[in-house]
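Since the structure comes first, as structure tokens, the remarks are kept for the end.
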Amino acid sequence: MSTKLADHFDRVVVIDSLHPQIHAERKRPAELDPRVELMVADVTEASTWAQALETTRPEVVVHLAAETGTGQSLTEASRHAIANVLGTTRMLDAFATVSHVPERFVLASSRAVYGEGAWRSRNPGEVTYPGQRSKQQLERAEWDFPGLEPLPMDAEKTIPNPTSIYGATKLTQEQILRAWALSFGTTVNVLRLQNVYGPGQSLTNSYTGIVSLFIRMAKEGKSIPIYEDGDIGRDFVFIDDVASAIDKATRTNLSQSFAYDVGTGYKTTVLDLARIIAKRYGAPEPHVNGMFRNGDVRCAVANIDRTVRELEWRPLKSVGEGIDQLSEWIDTQLG
């Protein structure tokens, strides 16, 4: 990501707190392009933005800063609200203070804003929004909604209805940025990312995705535990494809009436993912344990047709190819 931005812009400044949940050491990441200026600071502090804007007036702002743990957000709601909501408003207040309006914002939002999304009844085909699965429902092992099938998440059609604090804060980010942009006459390109994975992600943070967790378990010769009945559907999109979409969005005029979905457009069940990884490492067959996580949705897959068309972008990595590349990177990191 940093290399793509440095290739297209004269100056790139990154603000990152290097949070210990993600970064084992609070030092400049080796993967960060040397042309990029790193400011280690907290986006929720007004002083951070005041310092940053002393020396720069950005034309484009790529807003990636967020706390991202879906399950964690249910028990650490304030932490997620402070980082995701207050961090965004601090930034906007700083721009207003110095009377600078960037030409464009690109927000990395999330499929979590949809919650369970839209489902369709098998007969007669009516679209409905069943809402969040309750704790009681999950305890009864009622994983699906009877008589319904999930529809792809589509920013043009699907009504957002978050089932986690994290998802609610990401939707709030979108709304805050749009309101500010309309008032000050600038543009916001919102990208709702599906399940992102790939080299460079934290190997110590259990909240950043199951792909790296499954790989580590398979490397150790363990049987991967699978929640619910294994038929949880996800759209796993490789980090390079996401970086390409963000890079394109920094230089593309998109409709502010919609967000844009970024994924592969294909469903992979969690059980299928685990089997691919277990086979690669010769690990035991994954086992379904019937456990669940509050706030998780049953199925999340994007409809990327409009994103492909209007952003002139498309994902290039299949799940199999992406897992191979991530596995090779993890093998070099962990031996």
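Could you state the angle between the C-alpha long axis of helix 210-219 and the longest principal axis of the C-alpha atoms of the chain, as a value from 0 to 90 degrees rounded to the nearest 10? Roughly 60 degrees between the two axes.
Taking 0.36 nm per residue of separation and subtracting the Cα-Cα distance, full extension of the segment from Val98 to Arg35 would add 20.1 nm. Per residue, the chain reaches -10000 deg cm²/dmol at 222 nm when only DSSP H runs of four or more residues are counted, each adding -39500 (n - 2.57).
Once backbone amide H atoms are built at 1.01 Å from N, Val190 has Leu107, Tyr260 as its partners under 5 Å, excluding neighbours fewer than 5 places away on the same chain.
If I compute solvent accessible area with a 1.4 Å probe over the protein chains, what percent of it on the chain is carbon and sulfur? Heavy-atom surface of the chain belonging to carbon and sulfur, 1.4 Å probe: 50 percent. Charges were assigned to the Cβ only: +1 to each Lys and Arg, -1 to each Asp and Glu. The resulting dipole of the chain about its Cα centre is roughly 200 debye.
Between Ile277, His287, Gly209, the Cα set farthest toward the positive side of the dipole of region 200-287 (charges on each charged residue's Cβ, about the Cα centre) is that of Ile277.
Counting only Cβ charges, +1 for Lys and Arg and -1 for Asp and Glu, the dipole size of region 52-210 around its Cα centre is about 60 debye. To the nearest ten degrees, helix 46-55 and the longest principal axis of the Cα atoms of the chain are 50 degrees apart.
Spin-label model, Arg57 to Ala6: label points 7 Å out along the Cα-to-beta-carbon direction sit 2.6 nm apart. Probing with 1.4 Å while keeping every protein chain in the model, the per residue accessible area of region 183-320 equals 41 Å². Starting from the Cα of Ala50, move 7 Å in the Cα-to-Cβ direction to define the label point; list residues of region 86-104 whose amide nitrogen is under 19 Å from there. 86-100, by backbone N distance to the label point.
Annotation: the antiparallel percentage among DSSP beta bridges lying fully within the chain is about 20. Taking Cα atoms only, the orientation of helix 87-97 departs from the longest principal axis of the chain by about 20 degrees. Per residue, region 20-60 exposes 67 Å² of accessible surface when a 1.4 Å probe is rolled over the protein heavy atoms with every protein chain present. For region 121-258, a simple Cβ point-charge model (Lys and Arg +1, Asp and Glu -1, everything else neutral) yields a dipole of about 400 debye relative to the Cα centre.
The values are calculated or read from the model by the stated rules, or taken from the named source; none is laboratory data. None of the values given here were measured: they were computed from a predicted structure. Cβ sites come from the backbone with ideal geometry, for glycine too, and all protein chains shown count toward neighbours. The protein model used for the area step is the full one, side chains on, heavy atoms only, and it has no ligands, DNA or RNA in it. Shrake-Rupley method; radii C 1.70, N 1.55, O 1.52, S 1.80 Å.
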